[in-house]
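To start, the structure itself, in structure tokens.
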Amino acid sequence: MKKYLTSGFFCVCAIIILGAVARFFTPIPNFTPVAAIALFGGAYLGKKHLAFVIPIAMLVITDCFIGVYDSLTMSAVYASFILTGVIGVVLSKKLTVKNTVIAAVVSSVLFFVITNFATWISGFCGYPMTFGGLVLCYEMALPFFRNEILGTLVYSGVFFGAYELLKARYPQLATITR
């Protein structure tokens, strides 16, 4: 049993399950681990494609139950998390606490900018198709933006910190990065 608990496969499965559960049961809108999962995967998984597959798979599965918006906005959501995985890959080259915090904040900013622009341009929420409408769209999303940043920072701290602590205790866990 100990072998399975310290395997990279177990870590990946645990992250997917935690992400799905957190999306369903978070009492705070947008306070989710999705971006942190993409960052973590990009930074640590040796098979870099998993940094993109894991968050997208988790989103697809949970979106079947939560529901979806218009296709443009959903594409923007998925694309922003793929970009976050790319940021995680870049982060892996110089992994420090400071760089992890910066990556988490940059990921959240990208998510905010990309998804709210898509929401505005799609007309899904009825904002006027003017510069003022775009500004209003971003303004109305600010509370969600705060939650996105906080969620990404908290979950990144949990994932990156827990993994480093576990790796110190179980050196064989480092194989996840191969």
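The numbers here are math on the coordinates, done by the rules we state, and not lab data. All values reported here derive from a predicted model rather than from experimental measurement. Cβ placement follows ideal geometry from the backbone for every residue including glycine, while neighbour counts extend to all protein chains displayed.
Points worth noting:
- Net charge in the neighbourhood of Val86 (other residues with Cβ under 13 Å of its Cβ; Lys, Arg +1, Asp, Glu -1) is +2.
- Per-q log10 I(q)/I(0), segment 67-114, q = 0.24, 0.28, 0.32 Å⁻¹ (Debye; single scatterer per alpha-carbon; no solvent): -0.81, -0.98, -1.13
- Mean Cα-pair separation over length for segment 1-132, i.e. relative contact order, pairs under 8 Å, 6 or more apart, %: 24
- Order of Val106, Val154 under a 10 Å beta carbon neighbour criterion, fewest first: Val154, Val106
- Selected from Ser71, Ser107, Ser92 as most flexible by GNM, with the chain as the system and alpha-carbon contacts under 10 Å: Ser71
- The residues neighbouring Asn116, those whose beta-carbon lies less than 12 Å from its own, together hold a net charge of -2 under the Lys/Arg +1, Asp/Glu -1 convention.
- Normalised alpha carbon radius of gyration of segment 56-178 [divisor 2.2 N^0.38 Å]: 1.25
- In the chain, the longest principal axis of the Cα atoms and the axis of helix 71-91 are about 40 degrees apart.
- Note on segment 95-178: dipole from Cβ charges, positive end direction compared against Ile102, Leu165, Ile121; the farthest Cα belongs to Leu165.
- Theoretical ellipticity at 222 nm over the chain - DSSP helices of four or more residues, -39500 (n - 2.57) apiece, nearest 500: -26000 deg cm²/dmol
- Extent along principal axes [Cα atoms of segment 24-119; Å; largest to smallest]: 37, 26, 25
- Theoretical gain in end-to-end length, Lys94 to Met129 [0.36 nm per residue, Cα-Cα removed]: 8.4 nm
- If you take the alpha carbon atoms of segment 50-90 and fit the smallest convex hull around them, that volume is 49 Å³ per residue.
- Its Cα centre serving as origin, the chain has a Cβ charge dipole (Lys and Arg +1, Asp and Glu -1) of approximately 960 debye.
- Top of Gly85, Gly46, Gly151 by mean-square fluctuation, Gaussian network on the chain, Cα under 10 Å: Gly46
- Proximal aspartates and glutamates to Lys98, defined as alpha-carbon separation beneath 20 angstrom and excluding residues fewer than eight positions away on the same chain: Glu148, Glu164
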